[in-house]
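Okay, structure first, notes after.
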Amino acid sequence: MRSKVVMTIVFVLSLTLLATGKDSNVLMLATTTSADSTGLLDALAVELKKDKGIDLRWTAVGTGKALQLARDCNADVVLVHDPDSEAKFMAEGYGINRSELMYNDFIIIGPKNDPAGIKGKNAAQAFKLIATKKVFFASRADKSGTHMLELKLWKQAGLSVPEKEQWYIETGQGMLQTIAIAEEKSGYTLTDRATYIKYEHNMKNNPSLVILSEKDKAYFNQYSAIEVNPDRCPNVNNKKAREFIKWMASPKIQKFIGDYKINGKKLFVPNAK
């Protein structure tokens, strides 16, 4: 069933690109669930239409799927957060002109009673304790930027990915859905801070899962935009893609990103160069 859904999304995107074309004012963005679920893209789309007359449309999936949509010429530009996957995408010739735009950080959240005892621990210590105590851990398992970092963190902790363990749950879902599964199981998960703030807001500031591990340099989370190479995908709207990235990096929109908050909490820190 999931493959049919993905095929349908790709088919619809293909028709949309054919209908818009490289000279259109419509810009197709493949991006991450965190940029979408937090409401940031909705807010940016209004400003982009107002400033540039560009109609921003997007598909929000994990970074791996977003880059695959771009490889399949079903996006004009991507906004993603996994530098290693981005480097491969660029090296393969599918992407050009990568631009860093903003960042936040990752955190590990879990039950308030913290059964694995990870509170205040760094990433490696937290993952070791979760594995030792065999407490439920929800993994996105979707090749998203969050999932790819999680795989690295298991390795950095000196552990194999516990994919065959009963306490390790592979959700194949977006971040908010994965948090919901971790909550249901009274377990842990790795999430970006912005999505957690959105979850916290949804829970009326009384979340069942709380931040337990944070502020490790391994948790740094860079978001970057990449133009899809028109030499690989002749029908992409490269002119508008480039204009969009330049606009995102402008002082006005960098300030807009930095000022965007939920419950008074900043979600992203602008860092365009």
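The values are calculated or read from the model by the stated rules, or taken from the named source; none is laboratory data. Computed from a prediction, not measured in an experiment: that's the story for all the values here. Ideal geometry is used to build each Cβ from the backbone, glycine not excepted, and the neighbour counts take in all protein chains shown.
Some notes on this structure:
- Among the residues here, Leu67 does not qualify as part of a strand (DSSP E or B) and under 30 Å from Lys246 (Cα atoms).
- Per-region count, segment 238-257, residues in a loop (DSSP other than H, G, I, E, B) and either crowded, with 18+ Cβ neighbours inside 10 Å or assigned by TED's automatic domain parsing to the domain that holds Arg193 (or both): 1
- Of the listed requirements (1) among the hydrophobic types (A, V, I, L, M, F, W, C); (2) in contact (Cβ under 8 Å) with a residue 60 or more places away in the chain; (3) surrounded by 18 or more Cβ atoms within 10 Å (Cβ to Cβ); (4) in a helix (DSSP H, G or I), Ala218 misses just one: (3).
- Verdict on Lys143 being of a type in the set (D, E, K, R), closer than 14 Å to Leu212 by Cα and buried (at least 18 other Cβ atoms within 10 Å of the Cβ): no
- Segment 57-103, subset within 12 Å of the chain's Cα centre (by Cα) and of a type in the set (S, T, N, Q), residue nearest to Ser224 (Cα to Cα): Thr63
- For segment 104-123, filtered to residues that are among the hydrophobic types (A, V, I, L, M, F, W, C) and more than 23 Å from the chain's Cα centre (by Cα), the residue that is surrounded by the most Cβ atoms within 10 Å (Cβ to Cβ) is Ala116.
- Residue check for Ala126: more than 25 Å from the chain's Cα centre (by Cα), touching a residue at least 60 places away in the same chain (Cβ under 8 Å) and surrounded by 23 or more Cβ atoms within 10 Å (Cβ to Cβ): no
- For Tyr260, the test of being assigned by TED's automatic domain parsing to the domain that holds Ala157, crowded, with 16+ Cβ neighbours inside 10 Å and of a type in the set (Phe, Trp, Tyr) is failed.
- Members of segment 149-187 found to be surrounded by 15 or more Cβ atoms within 10 Å (Cβ to Cβ), over 21 Å from Gly62 (Cα atoms) and of a type in the set (D, E, K, R), listed by number: Lys185
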